[in-house]
Amino acid sequence: MVSIGQVVLGVTEMPRAVRFWTQALHYIPRAGAVTDTWTILDPVNGLGVPVALGLSSSPVQQVPRIHLDLFAETTQEQREEVERLVALGAELVQWDLYPDNADFVVLADPEGNRFCVIDLSHE
């Protein structure tokens, strides 16, 4: 049997990506190790899936087939988290694929990787 061990994001500038994702997720580099080509980030509290950052020259997908969903418990928390993430360097994505009454907001990290902030209270 297998399980998800970590999620890997391709990045072009490791220090910038480490700075953003450690602050965005409240994660820390595993054993304090940050290299130019590979860094694993672990949750500070030990709960959650690690995120690995790997140096990549591949272009960012405008409509990625795989992406991260970050959960917010309420609409207010979602709004606050989106504002916090934008202040850290994320950008709001002009997403023409939003369904009516969407429960998610699409953002891009400083590398251009798309991710969503989901409002879990949305009905």
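Just one of the listed residues (Arg84, Arg19, Arg30) is in the same structural domain as Gly112 (by TED's automatic domain parsing), more than 13 Å from Asn113 (Cα to Cα) and either charged (D, E, K, R) or surrounded by 13 or more Cβ atoms within 10 Å (Cβ to Cβ) (or both), namely Arg84. When Thr75 is tested against the conditions (1) touching an Asp or Glu at 6+ places or on another chain (Cβ under 8 Å); (2) under 20 Å from Gln6 (Cα atoms), the lone failure is (2).
Among the residues in segment 47-62, are any of a type in the set (Val, Ile, Thr), in the same structural domain as His26 (by TED's automatic domain parsing) and touching a helix residue (DSSP H, G or I) at 6+ places or on another chain (Cβ under 9 Å)?
Going through segment 47-62, the residues of a type in the set (Val, Ile, Thr) turn out to be 49, 51, 60.
Then drop every residue that is not in the same structural domain as His26 (by TED's automatic domain parsing), which leaves 49, 51.
Retained after the next criterion (residues that are touching a helix residue (DSSP H, G or I) at 6+ places or on another chain (Cβ under 9 Å)): 51.
Yes, segment 47-62 has at least one match.
Strands (runs of 3 or more DSSP E) fully within segment 1-87 that include at least 3 residues being without any contact (Cβ under 8 Å) to a residue 60 or more places away in the chain and on the phi < 0 side of the Ramachandran plot: 27-29, 38-43, 51-55, 68-72.
For the residues Asp42, Asp69, Asp36, the requirement of being loosely packed, with under 11 Cβ neighbours inside 10 Å and within 15 Å of the chain's Cα centre (by Cα) singles out Asp69. Scanning segment 98-123 for residues that are in contact (Cβ under 8 Å) with a residue 60 or more places away in the chain and touching a Ser or Thr at 6+ places or on another chain (Cβ under 7 Å) yields a total of 1. Before we move on, is Gly54 out of contact with any His (no Cβ under 9 Å at 6 or more places or on another chain), at pLDDT 95 or above and within 24 Å of Gly5 (Cα to Cα)? Spelling it out, Gly54 is indeed out of contact with any His (no Cβ under 9 Å at 6 or more places or on another chain), at pLDDT 95 or above and within 24 Å of Gly5 (Cα to Cα).
The values are calculated or read from the model by the stated rules, or taken from the named source; none is laboratory data. Computed from a predicted structure; not experimentally measured. Using ideal geometry, Cβ is built from the backbone for each residue, glycine included, and neighbour counts are taken over all protein chains shown.
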